[in-house]
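K.L.:
Here's a structure for you.
The values are calculated or read from the model by the stated rules, or taken from the named source; none is laboratory data. Source: prediction; values computed, not measured. When we count neighbours, we look across all protein chains shown, and the Cβ atoms used for this are built from the backbone with ideal geometry, even at glycine. Protein only, heavy atoms only, side chains kept; ligands, DNA and RNA dropped before computing areas. Shrake-Rupley method; radii C 1.70, N 1.55, O 1.52, S 1.80 Å.
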Amino acid sequence: QVLFSPALRVCRTGSPCSSRAMTTCKGFLGEPKFWELEGDAPILKFNENQWLQNHTEEAIAHSKAWLVSLGITESRMEIDTTPVKETQQNRIFRADANRTFRDEAHKLVYIKLLSFAAKKFGDYQQSLGYVAGLLMLFFDAATVFKVLTVLNDNPRYLSGYWRGEATLCAVDGYVAMKLFPRTPLMEHLKSIGLLPETFVQKWFAGVCIHHLRYKQLMPFLDHFFQHGNAFLFAFFTSFFNEFHDDVQAMASTTQANELVRFDKAPIPRLEIIIQNAAQLAGSMLLGVDLQGLRVECFETFLTRRMQSANEGMWQKADDEIEFSDEDEDDE
């Protein structure tokens, strides 16, 4: 249960109720004109029924709990928001900024954050952008960078997920299948063409930010920050336990995709799944050789495919091959 601090006094409109509240939320949400500037921003796509406007104090309290779980304190330094130079090499950050915020000043800070993250982490993946965009609603860029650093580097969280080719995330999708106690359902999933790498990227690397409505996303993130990737595996198990009969009756990838994107997943059942996953997370990986399972799943499901794809990059193109009948026609 999240306890609300008396200091978290933010108006339901999203504007600070006092100067003290202004210091409570250093993210974009704490700006007086936030809703005017960002009311229809893509990052707010799942802000159903204006949940965030009507529960601003509650949302900020959730975000404070995330930092506690990670052992992070908010940055107190004066932040340099001078924009970075935009180049052809980092144009993806501009594209992702346009897919996240409306206000140009917000986009420039976001682009700088992604540039720093890509440089520090050695790679970039759009799921990192999802997470960064949500966190920037609540925290300044320096604090968000601290959070991203822990998530990226700590094996307890998303280490290895935010790569251009997110191999470990795909591996963990197969690990989640192996951990699921009802093997026939996982075989059925594969038989209708729903492979884990096609959906766990947004579940795991993107921590469901582009699937869950904010009312459900907040407790989902509470449990994720508390338990790490154990909660993600527990969520996978709880989801397919809850929808076991539905999935077993499916005969097409289209039906399955609608379910794993939560398009056809009723909200009350998703809430049950999150609650069950929270209860399961603490014991989910007890006695499990996670590293051994990852190696097994990579070697069983991915290595041949990846070797073949990479080998194919060296294949000579057929553009200049001449066929004998072409020579005869020329004559």
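K.L.:
Can you tell me the length gained on complete extension of the stretch Ser191 to Thr300, counting 0.36 nm per residue apart and subtracting the Cα distance?
P.N.:
Once the chain is fully extended between Ser191 and Thr300, it gains 37.6 nm.
K.L.:
Got the relative contact order for segment 141-295 handy, in percent, Cα pairs under 8 Å and 6 or more residues apart?
P.N.:
The value is 25 percent.
K.L.:
So for the chain, averaging the separation of alpha carbon pairs under 8 Å that are six or more residues apart and normalising by length, what relative contact order in percent results?
P.N.:
Averaging sequence separation for qualifying contacts and normalising by length gives 16 percent for the chain.
K.L.:
Still on this structure, please answer the following. Return the tail of the calculated pair distribution for the chain, meaning the percent of Cα-Cα pairs more than 26 Å apart.
P.N.:
It works out to 53 percent of all Cα pairs.
K.L.:
Express in nm, to one decimal, how much length is gained between Val288 and Asp40 on full extension, taking 0.36 nm for each residue of separation and deducting their alpha carbon distance.
P.N.:
Additional length available on full extension: 84.9 nm.
K.L.:
Then there's this: Hey, can you rank 283-293, 106-116 by average C-beta count inside 10 Å, highest first?
P.N.:
Packing proxy ranking, top to bottom: 106-116, 283-293.
K.L.:
With everything on Cα atoms, drop me the angle between helix 104-121 and the longest principal axis of the chain, reported from 0 to 90° to the nearest 10.
P.N.:
60 degrees
K.L.:
Could you calculate the FRET efficiency of Ala309 with Thr82 from 1/(1 + (r/R0)^6), where r is the beta carbon distance between them and R0 is 41 Å, rounded to 0.05?
P.N.:
After rounding, the FRET efficiency stands at 0.50.
K.L.:
Here's another thing I want to ask about it. Report, in whole Å, the centroid distance computed from the Cα atoms of segment 210-281 and segment 159-208.
P.N.:
13 Å
K.L.:
Hey, what's the chain come to in accessible area per residue, 1.4 Å probe, Å²?
P.N.:
Solvent-accessible surface per residue comes out at 51 Å².
K.L.:
Next question. When the label point is put 7 Å from the Cα of Arg102 along its Cα-to-beta-carbon vector, which residues of segment 40-74 have a backbone N closer than 13 Å?
P.N.:
Those under the cut-off are 40-45.
K.L.:
With a Förster radius of 35 Å, plug the Cβ-Cβ distance of Thr254 and Lys316 into 1/(1 + (r/R0)^6) and report the FRET value to the nearest 0.05.
P.N.:
E(calc), rounded to 0.05, equals 0.40.
K.L.:
Which one, Gly312, Gly164, Gly228, has the greatest fluctuation when you compute a Gaussian network model over the chain with C-alpha springs under 10 angstrom?
P.N.:
Gly312
K.L.:
Projecting each Cα onto the charge dipole of segment 182-331 (Lys/Arg +1, Asp/Glu -1 at the beta carbon, about the Cα centre), which of Ser283, Met306, Phe233 comes out farthest on the positive side?
P.N.:
Ser283
K.L.:
From the convex hull of the Cα coordinates of segment 86-132, what is the mean projected area in square nanometres?
P.N.:
2.9 nm²
K.L.:
At a Förster distance of 25 Å, what's the computed FRET efficiency of Glu74 paired with Asn54, Cβ-Cβ distance as r, to 0.05?
P.N.:
Computed FRET efficiency for Glu74 and Asn54 comes out at 0.55.
K.L.:
Quick one: which residues, 5+ away or cross-chain, put their amide H under 5 Å from the amide H of Ser75? H built at 1.01 Å from N.
P.N.:
Here the answer is Thr143, since their amide H atoms fall under 5 Å of that of Ser75.
K.L.:
With charges set only on the Cβ (+1 for Lys and Arg, -1 for Asp and Glu), what does the dipole of the chain come to about its Cα centre, in debye to the nearest 20?
P.N.:
The calculation lands at about 2640 debye.
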